[in-house]
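Below: the structure, in structure tokens.
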Amino acid sequence: MAVSKWIPRWFYQLASPRWCYDITGKLLPVFLVAAALLLLVGLVWALAFAPPDYQQGNSFRIMYIHVPSAILAQSCYMLMAVAGAVGLIWKIKVADMVAFACAPIGASIAVMALATGAIWGKPTWGSWWVWDARLTSMLILLFLYLGVMALYAAMDNETMAAKAASVLSLVGLVNIPIIKYSVEWWNTLHQPATFSLTEKPSMPIEMWLPLLVMVLGFYCFFAVSLMLRLRNEIIRRERRSGWVRELITSR
Amino acid sequence: MNPKRKKRLILVLFLVFGVGVAVSLALYALNQNINLFYSPQQMAKGEAPENTRIRAGGMVVEGSVVRDQQSLHVQFDITDYAESVTVEYTGILPDLFREGQGIVAQGSMDASGVFQAVEVLAKHDENYMPPEVAYALEKAGKMPVTPKEAFNK
């Protein structure tokens, strides 16, 4: 592969299972510490020190779990689809493994977003579940994750499974803008976004900062769990190669 | 990029683009059916089907809430700042229900043009603030109001 001068060498090295295992091994403790710190600080700040909402009182605090998990569930899906596409086009094994590792993590986070949403919905809206566009498209996201996981589980041949699952995740990619814009395109019970990268958040900074900390903490936590699963998967698939044998015998 | 990869890249882009177009056409065709509720304006124009279970959404008009002293019966108007609809409901209202609050009611129109609700849900907006801030904004008359687009998309 021709090495471009814009892309650092380690980026190419990520494509090799062995190097990827080494690099993620070095990154793992950094993200682990960051995730633990951010989540701890964020949770204490959000639950104990952030002011209550004028309408919803303390029940709005579930947002500090709900919003990060909803954002992350979508980011994780995009990563899974992009990794799947890279695997399809460039036939990079590590990309397939990343996509494989993303699916169960994303599914659990989507479940968390839906569950916290339901728990929040009961006291504020008066209903656990409403079939509005935002909630339904989020449920479809969960089903897409489950479908991708089922495809991986259904095929013994890893290359074939990766191909099929990548195509499904690419097809499902269309759902991401639908989730994001559902509250703007249609009449929904769900309120529009409070928190976005491009606009000024519609909440004061003492409510908004803990949310930012939580979002960053969730991303770091995701990085940790993704790297753990990825390293596990690398070892499993490369178990017959020399370096893995060496690694195991050296322990 | 070698030709094989290029071909696969084009194929992947075509897949994503094709699915995108197909889904957006379907959503465009279904546009009205995806809305969770009808706005008072749509109901006034006769866009809402009659004698079927529908949802209506709007802001509870200030000063329109009439509670029955003997029962849980309550009557109020909802508006999207263009038209308004009278709603009757018997039951427990959500905690967030108040005048000036967005709500979504499920029920049907009766012969006299009153919306008979069987379920009332509160719809809050994306603005969160501490009580002190809300109090100060209220005093200054700068409280953010739910825009009318919230009920007519």
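The values are calculated or read from the model by the stated rules, or taken from the named source; none is laboratory data. In this text the structure is predicted, and so the values were computed from the model without any measurement. Cβ atoms come from the backbone with ideal geometry, glycine included; neighbour counts cover every protein chain shown. Accessible surface is based on the protein model in full, side chains and every heavy atom, while ligands, DNA and RNA are left aside. Shrake-Rupley method; radii C 1.70, N 1.55, O 1.52, S 1.80 Å.
Quick notes on this one:
- When accessible surface is computed with a 1.4 Å probe, chains A and B are found to bury approximately 3800 Å² between them, both chains counted.
- For segment B:37-122, the per residue solvent-accessible surface stands at 49 Å², with DNA, RNA and ligands left out and a 1.4 Å probe.
- Among B:74, B:118, B:16: highest mean-square fluctuation, GNM of chain B, C-alpha pairs under 10 Å: B:16
- Protein-protein interface of segment A:181-225, residues with accessible area decrease of at least 50 Å², isolated chain reference, 1.4 Å probe: A:186, A:187, A:189, A:191, A:202
- Amide H contacts under 5 Å for residue A:54, placed H, 5+ residues apart: B:129
- The Stokes-Einstein estimate for chain B, based on a Kirkwood radius over Cα pairs and taken at 20 °C with 1.002 mPa s viscosity, is a diffusion coefficient of 117 µm²/s.
- Crossing angle, helix B:3-29 versus chain B [Cα axis fit, 0-90 degrees, rounded to tens]: 30 degrees
- Kyte-Doolittle mean at least 0.5, axial Cα span of 27 Å or more - DSSP H helices of chain A: A:17-44, A:63-90, A:93-124, A:133-154, A:205-237
- Each residue was assigned an accessible area with a 1.4 Å probe, and for residue A:194 the value is about 20 Å².
- For chain A, the fraction of C-alpha pairs farther apart than 32 angstrom is 29 percent.
- Candidate lysines - alpha carbon under 28 Å from residue A:180, same-chain residues fewer than 8 apart omitted: A:122, A:163, A:200, B:123, B:148, B:153
- Surface calculation, 1.4 Å probe, protein heavy atoms: residue B:50 sits at approximately 140 Å² accessible.
- Accessible-area composition of the protein assembly as shown, carbon plus sulfur, in percent [1.4 Å probe]: 64 percent
- Positions from segment B:115-153 whose accessible area shrinks by 30 Å² or more when the full protein complex is built, not the chain alone, probe 1.4 Å: B:121, B:122, B:123, B:124, B:126, B:127, B:128, B:129, B:130, B:131, B:153
- Interface residues of segment A:124-142, defined as a loss of at least 30 Å² in heavy-atom accessible area between the chain alone and the complex of all protein chains with a 1.4 Å probe, are A:124, A:125, A:130.
- Residue-by-residue Karplus 3J(HN,Hα) for segment B:106-121, coefficients 6.51, -1.76, 1.60, Hz, glycine and proline x: 9, x, 8, 7, 8, 4, 8, x, 9, 7, 8, 8, 10, 8, 10, 10
- Spin-label model, residue A:243/residue B:21: points 7 Å from Cα along the beta carbon direction are separated by 4.3 nm.
- Folded to 0 to 90 degrees: helix B:131-140 orientation relative to chain B principal axis, Cα: 70 degrees
- Solvent exposure of residue A:76, expressed as accessible area, is near 0 Å², computed with a probe of 1.4 Å over the protein chains only.
- Farthest towards the positive end of the charge dipole of chain B, among the residues B:65, B:124, B:135, is the Cα of B:124, using unit charges on the Cβ of Lys, Arg, Asp and Glu.
- For the set A:59, A:108, B:112, solvent exposure ranked by accessible area (probe 1.4 Å, protein chains only) runs largest to smallest as B:112, A:108, A:59.
- Largest-first ordering by accessible area, 1.4 Å probe, given options A:245, A:229, A:251: A:251, A:245, A:229
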